[in-house]
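The values are calculated or read from the model by the stated rules, or taken from the named source; none is laboratory data. Not measured: the values here are computed from a predicted model. Quick reminder, even Gly has a Cβ in these numbers, built from the backbone with ideal geometry, and neighbours come from all protein chains shown. Accessible surface areas use protein heavy atoms only, side chains included; no ligands, DNA or RNA. Shrake-Rupley method; radii C 1.70, N 1.55, O 1.52, S 1.80 Å.
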Amino acid sequence: MQSLVEHARTFPEHVAANAKDFERLADGQTPEALFVTCSDSRVVPSLITGARPGQLFELRTAGNIVPPYPAEDRPTGEAATIEYALRMLQVRDIIVCGHSHCGAVGAILRGDDLSAMPAVRHWLARCTDGRTPPADAGDLPGAVQAHALAQLDTLRGYPAVRERIADGSLGLHAWYYEVHTGSVSVHRPERGTEFARL
Ligand SMILES: [Zn+2]
């Protein structure tokens with residue numbers, strides 16, 4: 001923790017050295033994409049993409065799960081984030097990025113006992129709802145990729161997503177990131193469920 005505090009303490013010095021880049025952030029944000037990924041500490045969107053402050057709007061959840069569009073009386077933070085990105089910020093692309101060694105997808109595949117973590121159990125059960133295609137437990141990459149595609153399907157159930165797809169102003173993308181090599185594979189819709197290295 002101490003190193004984190006120390007960095008935060010001296011961060012204004014870094015900002016002052018790059019004042020022009022940061023000062024314009026006070027004028028607002030026009031991020032290029034909504035980046036949906038896992039909360040996993042090994043996945044750092046700005047490192048992967050080289051995004052500067054203001055370029056990526058982020059939604060991070062356990063297992064990069066996108067919950068179904070909620071009923072009016074049961075709002076979710078995830079839906080609010082997605083709606084804001086699309087309707088207010090007018091992002092043009094949504095990237096759902098799964099990753100290697102994902103604890104959440106691994107737990108789903110293995111059917112782990114999550115009784116000590118009921119919130120995690122409910123989140124995985126409710127949000128996947130049997131939509132993750134069955135996969136060999138030894139094929140975690142394949143399962144993570146199928147899981148990312150399933151989240152794109154869920155996104156298509158959001159009114160704001162449907163509208164923007166209908167008018168051709170939104171792209172949906174599924175990525176797979178390897179935490180130990182840094183490699184990124186992307187879904188190639190023309191090749192079914194296949195992912196290919198960038
Ligand atoms: Zn994960």
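Think of the chain as a dipole: +1 on every Lys or Arg Cβ, -1 on every Asp or Glu Cβ, centred on the Cα centre; then among VAL144, VAL15, SER115, VAL144 lies furthest on the positive end.
Beta bridges from DSSP with both residues in the chain: antiparallel share about 25 percent, rounded to the nearest 5. For region 1-77, GluC sites (Glu not before Pro) meeting the loop criterion (DSSP other than H, G, I, E, B) and having at most 14 other Cβ atoms within 10 Å: GLU72. Gyration tensor analysis over the Cα atoms of region 1-85 returns equivalent ellipsoid semi-axes of 28, 17, 13 Å (largest first, whole Å). The accessible surface of the chain, taken with every protein chain in place and a 1.4 Å probe, is 54 percent carbon and sulfur. The alpha-carbon positions of the chain define a convex hull whose volume is 163 Å³ per residue. Dividing the Cα radius of gyration of region 56-130 by its Kirkwood radius returns 1.01 for Rg/Rh. The charge dipole of region 1-132, taken about the Cα centre with unit charges on the Cβ atoms of Lys, Arg (+1) and Asp, Glu (-1), comes to about 200 debye, rounded to the nearest 20.
Distance between the pseudo-spin-label points of THR76 and HIS7 (7 Å out from Cα toward the beta carbon): 3.0 nm.
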